[in-house]
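Data first, discussion second: the structure below is written as C-alpha cells.
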2 protein chains.
Amino acid sequence: MAVRVLTDADVARRVSMPAAIDAIEAALARRAQGRFVTPPRHYVGNERGALAFTIGGDAADGVIGFRVYAMGFPGGSRDDQLVAVYDAASGRLKGLVAGSWLGELRTGAIGGVAIKHAARPDAATLALIGSGGQARTQLLAAAAVRELRDVRVYSRDAARRLAFAEEMTERTGVAVRPAASPEDAVRDADIVITATSSRAPVLDVALLRPGMHVSMLGAKQRDASELDPAVAGRATAIVTDSPAQLESPVPSFLAGTPDAGRVTDLASHVAGGPPVRASADDITLFLSVGLSGTEVVVADLALRE
Amino acid sequence: MAVRVLTDADVARRVSMPAAIDAIEAALARRAQGRFVTPPRHYVGNERGALAFTIGGDAADGVIGFRVYAMGFPGGSRDDQLVAVYDAASGRLKGLVAGSWLGELRTGAIGGVAIKHAARPDAATLALIGSGGQARTQLLAAAAVRELRDVRVYSRDAARRLAFAEEMTERTGVAVRPAASPEDAVRDADIVITATSSRAPVLDVALLRPGMHVSMLGAKQRDASELDPAVAGRATAIVTDSPAQLESPVPSFLAGTPDAGRVTDLASHVAGGPPVRASADDITLFLSVGLSGTEVVVADLALRE
C-alpha cells in the first residue's frame, strides 16, 4: 500500500498561516461542543528516552490522528516528528507528515487564534522576547490577525536578534527592529510574546500596561517558568488552549496560586462564550501549551491541498 | 525530511520467514532478560472507532517503535497499518512500514518460535483448521522450523480449502491436501493449528493425542473462543507470547479455570528456561496473542536489508 508522506517543504508550500489559523479556530469551536477529543499525552519509553504521542481529533467527521516524536534521547530534539491523519468517520489513513515545520506552524496558529480573541482589535505594536522558531511563528500568526505597524525583538544574543529582525521584516512586510533590552522591546507594546528557552522570568511585571495582551510560549512549570506568577496576578483574564495539559504531567507555575482557578479554555471563548477581553484596558494572558490533536487538523490541510 | 516508507511488496522481498523467526526468537530472549519492553496496548477513539497502538522495543540498543491501526470503524479492518521503527539508543526514526503483510509475517514468526520450542523435534504432520491469512503464515512458519511431510487443511468452505491447498503446496513444496472434516485433518497430526474467525470451539478435545502440539491463533476471550477450555485442561504445558495481553483488556477463555495459573511465557523457555515439552508424549498448547513490539523487530529487518 502506498502512503502519502509530506515533508516540511510540502507543508510550507501548501498551508498558509491564515489557513492554519482558520482551521485551528474551527477545531477549537468543535472542542467547545465536545466534538473534538483530546485525551492526555501518552509516553512509552526505555532507559534512554521515550516516544511521546499526542493523539486526538474529531468525534465523528473530520479527522483523527496523532503526532509522535522521540524525546529525552541523547542528542536532543529531532526533526523527524511524524503526524498521521485518519478520516474520523471511516478510519482510513489519509497520509503522513514528517518533519518539524508542521508543529511550529500549528503552535503559531494556536497563538494567532489567541491573539485574535484576546488582544485589542486595534493592537499594532508587538514585542517579542526570544528570537527562535516559536518567536518566528508567533510573529507570522500575529501579523495574520492584526494590522501590525511596529515590531521589536529582544533576545540575549545581539547578532541573533538582528538577524531575526532582518529576516522577519522581509517575511512579514512589517518593520521589525532589534531591541537593546526587554524594556526597550516591551515599552508601549500592545502585544507581548515571550518565546524563550528560559526557566526563569524574562518579563518584569512592572512593564505591564493596561490594554496589553501577553502570550507565553516558553516553560511554564512550577519553579521553572518563563514568567513570574505575578504577571498572571496582574492579568484580567488568563486563557489557555488546554487547561488539562497546563497542569499535567507536572503542575504549572500557577499551581497553588489564586490565579490557577481563573484560567479559562480558549475554546469556550472561540465558540461564542464571553469574550476574553471585556474592555480596552484589560490585561490578557495566553498560556500556550499546544493542544493535542491540533497537529492533525493542520496536517489534514496539507494533505487536502 | 525524507522518511523511508516500505510497502508490503518491499517486506515480502526483503524478509524471509526464517529470518523473521530468528529475529523474533532473539527478541523473546531479550524480553526474558527484561531488555525488551512491551507496555499494554493503548487505544484512543471517537464514537466511530479507535486508533490502536502497540508500542514496544528494546531498552537500550536495538529498536523501539510502534504499530498503529484503525479498528472498529465502519468498513472493517484495513490494510493501512503503520509500523514506525526508531533506533532505541538515539531515538532516530529509521523508517516506516505500511501495509498488512508485516503483521501477518510477525504473527507467523511468533508461531514458528512456539512450534520450534514446543512441538516434537520429529513433528512431520500438520493439521490446519482455517484457511485464511493466519493459517497461511503459520504454515510457512511451521515449515521453516520442522521437516513437514504431510499437511491437511480444513475449513468450512470446500472451495477455499482446495484453493489454499493448491497455493500452499506450491509455496512450501510440501503436499497440502484439503480435508473433508476437522477429524480428517487432525487425525494423527503432530501439530494442530487453529486459525479461524470462530467464536465457538472448532476442535473436539477427543481428537487430542499424546505428543501433539496445538497452536491457537483465533479468538480466545471468555465466552468467545476458538477452543474449548477443556483443550487446555488436557495440555501438559500451556505457553503464550504475552501473559499480560492474554488477560487484558478482556479475560481469556482460561480465566477462572485451574489452567489459567499454568500459562507460561514463551520468552522464558526461549531464554534457556525449562523446555516447554518435557517428553515426547506431552500435549503442548500455544496461545498466540501477538506480543507488542515484535512488529517493530520485523520491520527493522526490512529497513536494514
task: For helix B:101-118, report the angle its Cα long axis makes with the longest principal axis of the Cα atoms of chain B; keep it between 0 and 90° and round to the nearest 10°.
output: 50 degrees
message: If I model a spin label at B:A124 and B:T236 as a point 7 Å from the Cα along the Cα→Cβ vector, what separation in nanometres do I get?
response: 2.1 nm
- line: Output row for A:R13: copy-to-copy label distances, label 7 Å along Cα→C-beta, ascending, in nanometres, one decimal, is 2.6
message: With +1 on the Cβ of every Lys and Arg and -1 on the Cβ of every Asp and Glu, and nothing else charged, how large is the dipole of chain A about its Cα centre, in debye rounded to the nearest 20?
response: 280 debye
query: Mind listing the phi-derived Karplus ³J(HN,Hα) values for the stretch B:62-70, rounded to whole Hz, using 6.51, -1.76 and 1.60 with θ = phi - 60°, and x for any glycine or proline?
result: x, 10, 10, x, 7, 10, 9, 8, 8
- line: Expected unfolding gain across B:S16-B:R304 under the 0.36 nm per residue rule, minus the alpha-carbon gap, is 102.4 nm
task: Sort largest first and round to whole Å: the equivalent ellipsoid semi-axes of the stretch B:102-183, each the square root of five times a Cα gyration tensor eigenvalue.
output: 19, 14, 11
- request: Could you work out the mean count of beta carbons from other protein chains within 10 Å of each residue's beta carbon in A:96-105?
  value: 2
query: Efficiency by 1/(1 + (r/R0)^6): what FRET value for A:A244 and A:D61, r their Cβ-Cβ distance, R0 = 25 Å, to the nearest 0.05?
result: 0.60
task: In nm to one decimal, list the spacings between the A:R209 label point and its equivalents in the other copies, with label points set 7 Å along Cα to Cβ, shortest first.
output: 9.4
statement: Restricting to lysines and to Cα separations under 30 Å from A:K94, and discarding same-chain partners fewer than 8 apart, the set is B:K94
query: Working out 0.36 nm times the residue gap between B:T264 and B:R92, then minus their Cα-Cα distance, what length gain in nm do you get to one decimal?
result: 58.5 nm
- prompt: Size of the dipole of the protein assembly as shown about the Cα centre, Lys and Arg at +1 and Asp and Glu at -1 on the beta carbon, nothing else charged, in debye to 20?
  reply: 80 debye
- request: Step through the residues of the stretch A:239-251 one at a time and calculate ³J(HN,Hα) from phi using the Karplus curve (6.51 cos²θ - 1.76 cosθ + 1.60, θ = phi - 60°), rounding each to whole Hz and writing x for Gly and Pro.
  value: 10, 9, 7, 8, x, 5, 5, 4, 10, 9, x, 10, x
- line: Once both label points are put 7 Å beyond Cα along the C-beta direction, the A:A2-A:R187 separation in nm becomes 6.0 nm
- request: Please report the relative contact order for chain B, taking Cα pairs under 8 Å with a sequence separation of at least 6, and give it as a percent rounded to a whole number.
  value: 22 percent
query: In the stretch A:70-178, which trypsin sites (Lys or Arg not before Pro) are in a loop and have at most 16 other Cβ atoms within 10 Å, using DSSP for the loop call?
result: A:R92, A:R149, A:R156
query: What value, in deg cm²/dmol to 500, does the helix sum -39500 (n - 2.57) over DSSP H runs of n ≥ 4 give at 222 nm once divided by the residues of chain A?
result: -9500 deg cm²/dmol
- prompt: Taking the Cα atoms only, what angle lies between the long axis of helix A:17-32 and the longest principal axis of chain A, rounded to 10 degrees?
  reply: 80 degrees
- prompt: How big is the charge dipole of the stretch B:110-287 about its Cα centre, in debye rounded to the nearest 20, if each Lys and Arg gets +1 on its Cβ and each Asp and Glu gets -1 on its Cβ?
  reply: 140 debye
field: For B:A180, label point 7 Å along C-beta direction: distances to other copies, nm
entry: 10.2
field: Cα pair count fraction exceeding 31 Å, expressed as % - the stretch A:108-287
entry: 9 percent
query: When the Kirkwood radius is taken over all Cα pairs of the protein assembly as shown, what Stokes-Einstein diffusion coefficient follows at 10 °C and 1.306 mPa s, in µm²/s?
result: 60 µm²/s
field: On Cα atoms only, tilt of A:158-172 relative to the major axis of chain A in degrees
entry: 70 degrees
field: Alpha-carbon centroid distance for the pair the stretch A:180-224 / the stretch A:118-170, whole angstrom
entry: 13 Å
statement: Note on the stretch A:56-168: contact order normalised by length, alpha-carbon pairs under 8 Å, 6 or more apart, percent, works out to 18 percent
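All of the numbers you see were taken from the coordinates with simple rules; none came from a lab. The model shown is predicted, which means the values in this text are computed figures rather than measured ones. Reconstructed Cβ throughout: ideal geometry from the backbone, glycine too, with neighbour counts over all protein chains shown.
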